[in-house]
Amino acid sequence: MPRRLTVVVLVNDEARLARKDAAISLLLDCSGSMAGEPMARAREGFVSLAESAPVELPLGLIAFASEVKTISPPTTHRDFLLEVVSRDPGVGG
């Protein structure tokens, strides 16, 4: 069984993150292998990012399995993003 590698990127430059042209999109693997705990941990990571990133920084969510689907383009509406990521964005595929 292949091992998964989780990569966390920390940007310690709030001036760059606060630029009006900056945005971050999270790519969420929704394939069947992510069912259960792996998906829960990915969601927790997104929530952590949404809660800690500067509020002016747009965040987006893109899901992929056999196809790629934009769940939300980058937005500053964190409540919307947190509600979307709390739902099942299509595990399996």
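Just so you know, all these numbers are worked out from the coordinates, no wet-lab data involved. Everything quoted here is computed from the prediction, not taken from an experiment. Cβ sites come from the backbone with ideal geometry, for glycine too, and all protein chains shown count toward neighbours.
Please find the FRET efficiency linking Ser86 to Glu51, where r is the Cβ-Cβ separation and R0 is fixed at 22 Å, and quote it to the nearest 0.05. Efficiency, rounded to the nearest 0.05: 0.95. In this calculation the C-beta distance from Thr76 to Arg41 is compared with R0 = 25 Å, giving a FRET efficiency of 0.50. Sorting 28-35, 48-55 by average packing, meaning the other beta carbons within 10 Å per residue, from highest down gives 28-35, 48-55. Per-peptide packing, taken as the mean over residues of other Cβ atoms within 10 Å, places 74-82, 58-66 in the sequence 58-66, 74-82 from highest down.
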